[in-house]
Every structure is written in C-alpha cells, then in structure tokens.
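Input: a single structure, listed below in structure tokens.
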Amino acid sequence: MEPVTRFTGVLAPLDRANVDTDQIIPKQFLKRIERSGYGPFLFYDWRRQGGFILDRPAYRGASVLVTGENFGCGSSREHAAWSLLDAGFRAVIAPSFADIFKSNSFRCGLLPVELPEPAVRQLIDLAVEEPGTEITVDLESIVISVPSRGGGSAWGATFTIDPFFRECLLNGWDEVALTLRQEAEVTRYEAGRPTWLPLTR
C-alpha cells in the first residue's frame, strides 16, 4: 500500500452519525473479487436519491471526509474501507469509528482520525460554510490543520493513533509487507526444518 505521511486535500462533510457499512458500499457490490473498482459505488443509495452533498462540485476530488460518530458500524466488510480509498479519500475524521472498520482502514492505507465531537463539529461546519476548504493531515507529527488564507494555520488539532499502525502507515506496510520483512528468518527456518515434516508451501 502507499505510505501515508503528510498530505493536503479538500475536506468533504458528511453530517451523519452511525453511517453503517451497507450505506458506505451496498451489499450488491460485494460480489467483486478485486480490491479496486468500488469507488463509483461509494454511498450509492444516497447518491441515487439526488442532491447528495458529496456530489457538489466543490467536494469532487476531496481526499478527507469529516463525519459523525460511530462511522463504519454494521457488518465487517473490508469493502467499505476499500471503496473510500478507491474514491480518493485518504483519511476520515470522526468522533468514533466501529472497531472493525477502523482496523480494516489501517490495514488498507486509509487513515481514521478520531477527534473530540466539538472539534469534528467545527470541521463539518467549516466544510459546509466554505466548500473547497483544504486540510492538511500530517501523520509524522500527528497533527491536522486548516491553513488560513493569509498564511499559517487557522485551525489545528493533534490526534492519537496506535503506534504500530502509525508505523505501518508511514512505511506503507500491509500484512503481506510485514511478513516479507521476515523473509530471511523464514528462509533460515525452512532450510533447517526436518525433511520429514509436512511442507508449508
């Protein structure tokens, strides 16, 4: 997966709590066997109704989503994180996430950022009132900030993240990459393994 270090992108608001994974990517699209190609179906049912906020021109191409509490609840489908990533989002900011969604996000390179509800409300209001607002997410310093139009930072906050997942994201390590880092040790073990034991590959 691509490393996540520091990036700036448009902030898109989704002012809803308890957004479940079937709303993120409906079940009829889970027949695909690839990890890619889910972006066009993100929030499919809401988009079909017309007037969906993320379809407004100012939010097209947004890379940071700010939303309500308990985002990603419901079934444990990995496709929810894949669809957000495939649609161009690199981070989601919310007061809280469903545990499995949060874990799936870390493992595919989507950064879930938890902030207190008042801070999230400020960002949602800012994104609604000033469409096209850009936000910087810096995983190296664990800070997010909204630059002011005159230079400097108009708004900023620090966040916490599990150190293991932070290291994985910074280095672009998924579970396959983590395993391959032990390739020399695995090879050494296999070379000294008794021949009468069952093959492991």
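The values are calculated or read from the model by the stated rules, or taken from the named source; none is laboratory data. On a predicted model such as this, the values are computed, not experimentally measured, just so you know. Note that each Cβ is placed from the backbone with ideal geometry, even for glycine, and that neighbours are counted across all protein chains shown. To get the accessible areas, we keep the full protein, side chains included, count just its heavy atoms, and leave off ligands, DNA and RNA. Shrake-Rupley method; radii C 1.70, N 1.55, O 1.52, S 1.80 Å.
Quick one: if the Förster radius is 35 Å, what FRET efficiency do Arg56 and Arg181 give, using the C-beta to C-beta distance and rounding to 0.05?
E between Arg56 and Arg181, to the nearest 0.05, is 0.25.
How long is the chain along each principal axis, judged by its Cα atoms, biggest number first, in Å?
69, 42, 24
Given springs between every Cα pair under 10 Å in a Gaussian network model of the chain, which of Ile93, Ile33, Ile24 has the largest fluctuation?
With Cα springs under 10 Å in the chain, the top fluctuation among Ile93, Ile33, Ile24 is at Ile33.
Rounded, prolate or oblate: which fits segment 1-89 when a ≥ b ≥ c are the square roots of the eigenvalues of the alpha-carbon gyration tensor, with rounded for a/c under 1.5 and prolate only if a/b beats b/c?
Verdict is rounded for segment 1-89.
Mind listing which GluC sites (Glu not before Pro) in segment 100-144 are in a DSSP loop and have 15 or fewer other Cβ atoms within 10 Å?
Passing sites in segment 100-144 are Glu140.
Give, in nm to one decimal, the length gained when the segment between Gln122 and Asp174 is fully stretched (0.36 nm per residue of separation minus the Cα-Cα distance).
Value of the extension gain: 15.4 nm.
How much of Tyr44 can a 1.4 Å solvent probe reach, expressed as accessible area in Å² and rounded to 10?
We get 70 Å² for Tyr44.
Got a sec? What order do Arg90, Arg6 fall in by accessible area at 1.4 Å, biggest, i.e. largest, first?
Final ranking, largest accessible area leading: Arg6, Arg90.
From the helices alone, meaning DSSP H stretches of at least four residues, give me the mean residue ellipticity at 222 nm for the chain, per-run term -39500 (n - 2.57), in deg cm²/dmol to the nearest 500.
-8500 deg cm²/dmol
Specify the residue with the greatest mean-square fluctuation among Val137, Val92, Val176, computed from a Gaussian network of the chain linking alpha-carbon atoms under 10 Å apart.
Sorting by GNM fluctuation, first place goes to Val176.
Between 0 and 90 degrees, rounded to the nearest ten: what's the tilt of helix 117-129 against the longest Cα principal axis of the chain?
Helix 117-129 sits roughly 60 degrees off the main axis of the chain.
Working out 0.36 nm times the residue gap between Ser75 and Thr136, then minus their Cα-Cα distance, what length gain in nm do you get to one decimal?
18.9 nm
Ignoring ligands, DNA and RNA, how do Lys102, Lys27 rank by accessible area with a 1.4 Å probe, largest first?
Listed by decreasing accessible area, they come as Lys27, Lys102.
Using a basic spin-label model with each label point 7 Å from the Cα along Cα→Cβ, how many nm lie between Thr160 and Lys27?
Output for this residue pair reads 3.6 nm.
Using C-alpha positions alone, give me the convex hull volume of segment 102-141 per residue in cubic angstrom.
For segment 102-141, the hull spanned by Cα atoms encloses 100 Å³ per residue.
Under a GNM of the chain (C-alpha, springs under 10 Å), which listed residue has the highest mean-square fluctuation: Glu183, Glu117, Glu130?
Glu183
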